[in-house]
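Below: the structure, in structure tokens.
The values are calculated or read from the model by the stated rules, or taken from the named source; none is laboratory data. Predicted model only: the values in this text are computed from it and were never measured. Virtual Cβ from ideal backbone geometry, glycine too; neighbours counted across all protein chains shown.
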Amino acid sequence: RLKSRDTDKPPVPATPPLQMDILQKQALLQQATKKALAEAIMYPSVPAFVKYFRLQNYWTQQAGLFSMSAKKAMLAHPELDYNLQYSHYNGTVKNQLAADYAEQRRAISTLAQHFGVMFFYRGREAIDGQLVQVIQNFRETYGLSVIPVSVDGVINPMLPDSRTDQGQAAQLGVKYFPAMMLVDPKSGQVKPLSYGFISQDDLAKQFLYVSSDFKPNF
């Protein structure tokens, strides 16, 4: 007796469910949480709040697990620990600041060996006059030679050694004031250091940033 051809065919395996991408899963859960929150606000009820709160608790739990895994990872891979280079504990702030200041001093000294510092200001502008005090303190603190240049012909009395602009600003491409520029007298290379008002501490940091070509310190 002949068997039916259908019985000879192997059973067709069931199509496996598609694996959900992790980003899709996260997006769906976020959307579900937002929807549950909206429903709990728009249609307040105990079931609606419980539904939302359970979803919210899930995110809180996951955040806690993430935080703990990060702590564990820092012990397994100390090279990733930012605290080794830049401590966030209050007790180490003094030492960290001292190290930062030393690094800034080195940057200022290094740039001063290769570049001249020109300070372009407007004698009639109050904000420029306020910056003059910063420049004076900076010169005294770091022993830095700065060439002040008045672009409007008015000399600030705190900078009696000022020159009047004879086209230097235009030659160096300086269009905004007050401005500090680094100029290499040998090559003619020009590097902007700062525009506008800046505090003495931030100016010291700016020297460090320019010296390292704005390499991040993290």
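Could you please find all residues in the stretch 73-96 being surrounded by 10 or more Cβ atoms within 10 Å (Cβ to Cβ) and either under 29 Å from LYS25 (Cα atoms) or acidic (Asp, Glu) (or both)? Walk me through it before giving the result.
First pass over the stretch 73-96, keeping only residues surrounded by 10 or more Cβ atoms within 10 Å (Cβ to Cβ): 73-74, 78, 80-87, 92-93, 95-96.
Correct list: ALA73, MET74, LEU80, ASP81.
Being in a helix (DSSP H, G or I), aromatic (Phe, Trp, Tyr) and under 22 Å from the mean Cα position of the chain (by Cα) is the filter here, so list the residues in the stretch 64-88 that pass it.
First, the residues of the stretch 64-88 that are in a helix (DSSP H, G or I): 64-76, 78-80, 82-84.
From what is left, the residues that are aromatic (Phe, Trp, Tyr) are 66, 82.
Of everything in the stretch 64-88, just one residue is in a helix (DSSP H, G or I), aromatic (Phe, Trp, Tyr) and under 22 Å from the mean Cα position of the chain (by Cα), namely TYR82.
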Name the pairs whose Cβ atoms lie under 7 Å apart, with the first residue in the stretch 55-77 and in the same structural domain as GLN26 (by TED's automatic domain parsing), the second surrounded by 10 or more Cβ atoms within 10 Å (Cβ to Cβ) and β-branched (Val, Ile, Thr), and 6 or more positions between them or separate chains? LEU55/THR33; GLN56/THR33; TRP59/THR33
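Can PHE207 be described as surrounded by 12 or more Cβ atoms within 10 Å (Cβ to Cβ) and more than 21 Å from the chain's Cα centre (by Cα)?
Numbers: surrounded by 12 or more Cβ atoms within 10 Å (Cβ to Cβ): yes; more than 21 Å from the chain's Cα centre (by Cα): no.
So PHE207 fails the test.
Could you pull out the residue among SER187, SER162 that is at pLDDT 95 or above, out of contact with any helix residue (DSSP H, G or I) (no Cβ under 8 Å at 6 or more places or on another chain) and among the hydroxyl-bearing types (Ser, Thr, Tyr)? Lay out the reasoning, then the answer.
Details: SER187 fails: at pLDDT 95 or above.
Unique residue meeting the criteria: SER162.
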Scope the stretch 108-138; condition surrounded by fewer than 18 Cβ atoms within 10 Å (Cβ to Cβ) and more than 18 Å from PRO192 (Cα to Cα); matching residues: ARG124, GLU125, ALA126, ILE127, GLN130, GLN133, GLN136, ASN137
Output for Cβ contacts, cut-off 8 Å, separation at least six or different chains, first residue assigned by TED's automatic domain parsing to the domain that holds ARG105 and more than 20 Å from HIS114 (Cβ to Cβ) in the stretch 140-168, second among the aromatic types (Phe, Trp, Tyr) and assigned to a loop (DSSP other than H, G, I, E, B), reads VAL151/PHE177
Close pairs (6 angstrom Cβ cut-off, 6 or more residues apart or separate chains): surrounded by 12 or more Cβ atoms within 10 Å (Cβ to Cβ) in the stretch 184-198, part of a loop (DSSP other than H, G, I, E, B) and hydroxyl-bearing (Ser, Thr, Tyr) anywhere: TYR195/TYR176
Being within 30 Å of LYS186 (Cα to Cα), assigned to a helix (DSSP H, G or I) and basic (Lys, Arg) narrows ARG139, ARG54 down to just ARG139
